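Participant: Provided herewith is a single structure, encoded as structure tokens, for subsequent inquiry.
The values are calculated or read from the model by the stated rules, or taken from the named source; none is laboratory data. From a predicted model like this one, the values you see are computed outputs, not experimental measurements. Glycine also receives a Cβ, built like all others from the backbone with ideal geometry; neighbour counts cover every protein chain displayed. Surface areas here come from the heavy atoms of the whole protein model, side chains and all, with no ligands, DNA or RNA. Shrake-Rupley method; radii C 1.70, N 1.55, O 1.52, S 1.80 Å.
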Amino acid sequence: MASIVVNADDFGLDERTNLAIVEAYQKKLISHTTMLANMDGFEHALKLISNSQIDKKDIGVHINLTQGRPLTEGISKDSFFCINGKFHGNIRRKPIFFLNADRSRLVSNEIIAQIDRLSKYGIVVRHLDGHHHIHTEWAIFKSIEKIIKYRGIRSVRISRTEFAFKDSLRKLLVKFYKSLFNFYIRRQGFITTNCMGEITDYQNISSKNTRSIEIMTHLIPTNIAPRFDDLEYAVFSDKLNRLKTDHSIISFDDLK
């Protein structure tokens, strides 16, 4: 059977998302979540943690360079990342293979601040992934690699292994880059799953499959209630329960 980690991204985004994540966690639809340190819902997320709605040991960091207001002044003044003191997200438009020394230092300082903000409230960060997958950009990861090792982060989300493009050449190039990135972070000693994707990517995996898999999910609440949509909830719950029949849900700490 496969060993599956189910992680909800975006804890700390806003109150409604926080409540949706807590609901899923308490119903054992997710095993982990990763937290945004710089978004409006951060303080609300801390209240949920302090009220034992979600266990600190199951929270990692969701590093963010694409949305909201940064925690450090330096990066907020660099137009490559920000406009009017907020991340503009334009760095998602094309791959980032190189950053000069100054910008690399800005990235490093910002991610240190984000990790430290979680640590300040007793969250021991052992797992890292990125908002909008920003940690999988080569220059971004190289900017933070040493600091996340120093901070004791043992597990890093790999680049998505299940994806599809109509353009076969583009698919080939993307697959090559993703494979290279995943190979690199494993060679650097970070513990990873074998595969990563969304729940729809793993509906038909054989009970004989012995891979470790991370399923990422984004729990989007409705506009009228602080929980995710009833239909989405039912579908997600049904799909996950089917996976549980033949496979085991594990913790990041169980990965070797």
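Participant: Take the residues of the stretch 197-256 that are open to solvent by less than 50 Å² (accessible area, probe 1.4 Å) and among the hydroxyl-bearing types (Ser, Thr, Tyr): which is modelled with the highest pLDDT?
Facilitator: Ser212
Participant: Got a sec? Which of Glu145, Glu137 is in contact with a Pro (Cβ under 7 Å, 6 or more places away or on another chain) and open to solvent by less than 60 Å² (accessible area, probe 1.4 Å)?
Facilitator: None of the other options fit; the residue is Glu137.
Participant: Among the residues of the stretch 177-191, how many are crowded, with 19+ Cβ neighbours inside 10 Å and out of contact with any strand residue (DSSP E or B) (no Cβ under 6 Å at 6 or more places or on another chain)?
Facilitator: Summing the residues that are crowded, with 19+ Cβ neighbours inside 10 Å and out of contact with any strand residue (DSSP E or B) (no Cβ under 6 Å at 6 or more places or on another chain) in the stretch 177-191 gives 1.
Participant: Kindly list the number of the only condition in (1) of a type in the set (Ser, Thr, Tyr); (2) at pLDDT below 95; (3) assigned to a strand (DSSP E or B) that fails for Ser52.
Facilitator: Result: Ser52 passes all but (3).
Participant: Given Leu71, Leu29, Leu48, which one is surrounded by 18 or more Cβ atoms within 10 Å (Cβ to Cβ) and within 18 Å of the chain's Cα centre (by Cα)?
Facilitator: Going through Leu71, Leu29, Leu48 in turn, just one is surrounded by 18 or more Cβ atoms within 10 Å (Cβ to Cβ) and within 18 Å of the chain's Cα centre (by Cα): Leu29.
Participant: Six or more apart or on different chains, Cβ under 9 Å: which pairs go from a residue in the stretch 25-46 that's under 16 Å from Glu214 (Cα atoms) and in contact (Cβ under 8 Å) with a residue 60 or more places away in the chain to one that's open to solvent by less than 10 Å² (accessible area, probe 1.4 Å) and among the polar types (S, T, N, Q)? Could you list them?
Facilitator: Ile30/Asn7; Ser31/Asn7; His32/Asn7; Thr34/Asn7
Participant: Take the residues in the stretch 94-126 that are in contact with a Leu (Cβ under 8 Å, 6 or more places away or on another chain) and either modelled with pLDDT under 95 or assigned to a loop (DSSP other than H, G, I, E, B) (or both); name whichever of them is least open to solvent (accessible area, probe 1.4 Å).
Facilitator: By that ranking, first place goes to Val125.
Participant: Being in a helix (DSSP H, G or I) and open to solvent by 70 Å² or more (accessible area, probe 1.4 Å), is that true of even one residue in the stretch 82-90?
Facilitator: no
Participant: Given Thr17, Thr34, which one is over 19 Å from Asp201 (Cα atoms), touching a Leu at 6+ places or on another chain (Cβ under 8 Å) and either open to solvent by 10 Å² or more (accessible area, probe 1.4 Å) or part of a helix (DSSP H, G or I) (or both)?
Facilitator: Being over 19 Å from Asp201 (Cα atoms), touching a Leu at 6+ places or on another chain (Cβ under 8 Å) and either open to solvent by 10 Å² or more (accessible area, probe 1.4 Å) or part of a helix (DSSP H, G or I) (or both) holds for just one of Thr17, Thr34, which is Thr17.
Participant: Answer yes or no as to whether Ala8 is within 18 Å of Ser237 (Cα to Cα) and either part of a helix (DSSP H, G or I) or not basic (Lys, Arg) (or both).
Facilitator: Answer is yes for this residue.
Matching residues to (1) out of contact with any Ser or Thr (no Cβ under 8 Å at 6 or more places or on another chain); (2) modelled with pLDDT of 90 or more; (3) buried (at least 17 other Cβ atoms within 10 Å of the Cβ):
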residue: Lys149; (1), (2), (3): yes, yes, no
residue: Val156; (1), (2), (3): no, yes, yes
residue: Ser159; (1), (2), (3): no, yes, yes
residue: Glu162; (1), (2), (3): yes, no, no
residue: Lys171; (1), (2), (3): yes, no, no
residue: Asn194; (1), (2), (3): no, yes, yes
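Participant: Do any residues in the stretch 149-178 that are closer than 26 Å to Thr33 by Cα and in a loop (DSSP other than H, G, I, E, B) have Cβ atoms under 8 Å from those of residues that are open to solvent by 70 Å² or more (accessible area, probe 1.4 Å) and modelled with pLDDT under 80, where the two are at least six apart or on different chains, and which pairs are they?
Facilitator: none
Participant: Could you please let me know if Val61 is β-branched (Val, Ile, Thr) and within 20 Å of Gly122 (Cβ to Cβ)?
Facilitator: Spelling it out, Val61 is indeed β-branched (Val, Ile, Thr) and within 20 Å of Gly122 (Cβ to Cβ).
Participant: Next question, about the same structure. Among Asp10, Asp78, which is touching a helix residue (DSSP H, G or I) at 6+ places or on another chain (Cβ under 8 Å), charged (D, E, K, R) and crowded, with 19+ Cβ neighbours inside 10 Å?
Facilitator: Going through Asp10, Asp78 in turn, the sole match is Asp10.
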